[in-house]
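Below is one structure; the comments refer to it alone.
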Amino acid sequence: MVRLDLQNIYDVNAVNDNGNELIAEFDAPQTNGGLIHIHVKLSLHPDPFLSKVYNLCLGPVDETGSIDDKIRLKHQDVSKVLSTAIFVAYYFLNDRQDSVIGLDGSDDIRANLYHSMFILNRELMSDFFVCVGVDWYVKLLRNKIDVERDDQGNPLFKPIIEPFDYLRDRKQLYGYYMFSLK
């Protein structure tokens, strides 16, 4: 169970914000006693229908220098890891008030985690953010389903963005979770 607390976060020991993307770094203790160096990357979503949406990517850097957001880690305190990531997003949004943060439920485990995080932390999230969900649109693009596209290769359909439904159960997960400042 993830309980967010924006006052109980790991020390962010590096932040690189070039105006288009932000990368923050912190160390997260693991259940085996080790530390994993975690990167939080906020970068512009490539889809033209999701303009001003910055995707949040979270994980250690792999041998190619990319953030491995598919790795399964055993954090001592997953709530503190996600609180740190949400705090970084909050910091980012304060400088970009018209932007939106997106979390990709790229598999059922992640989508379940994000869905639960939004539901269990409704009060905190609602104090700071407007939360929305996106259904089938992102899943189609992620799965590279052959869809009708314009001359630039963009899909000819638009995403359905709806207010986050806090009564929606885990059998109906969103494909993408988004939040912006209130």
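The values are calculated or read from the model by the stated rules, or taken from the named source; none is laboratory data. This is a predicted model, so every value here is computed, not measured. Cβ coordinates were reconstructed from backbone atoms using ideal geometry, including for glycine residues, and neighbour counts include every protein chain displayed.
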Test: residue in region 73-85 that is in contact with an Asp or Glu (Cβ under 8 Å, 6 or more places away or on another chain) and either among the aromatic types (F, W, Y) or farther than 21 Å from V12 by Cβ (or both): no
Selection from region 17-33 of residues that are surrounded by 11 or more Cβ atoms within 10 Å (Cβ to Cβ) and without any contact (Cβ under 8 Å) to a residue 40 or more places away in the chain: E21, I23, E25, D27
In region 96-133, residue farthest from the chain's Cα centre (by Cα) [restricted to those that are surrounded by 15 or more Cβ atoms within 10 Å (Cβ to Cβ), β-branched (V, I, T) and assigned to a strand (DSSP E or B)]: V132
Residue check for L140: at pLDDT 95 or above and under 24 Å from R168 (Cβ atoms): no
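So is S43 in contact with a Phe, Trp or Tyr (Cβ under 7 Å, 6 or more places away or on another chain), of a type in the set (G, A, S) and under 30 Å from D151 (Cβ atoms) or not?
yes
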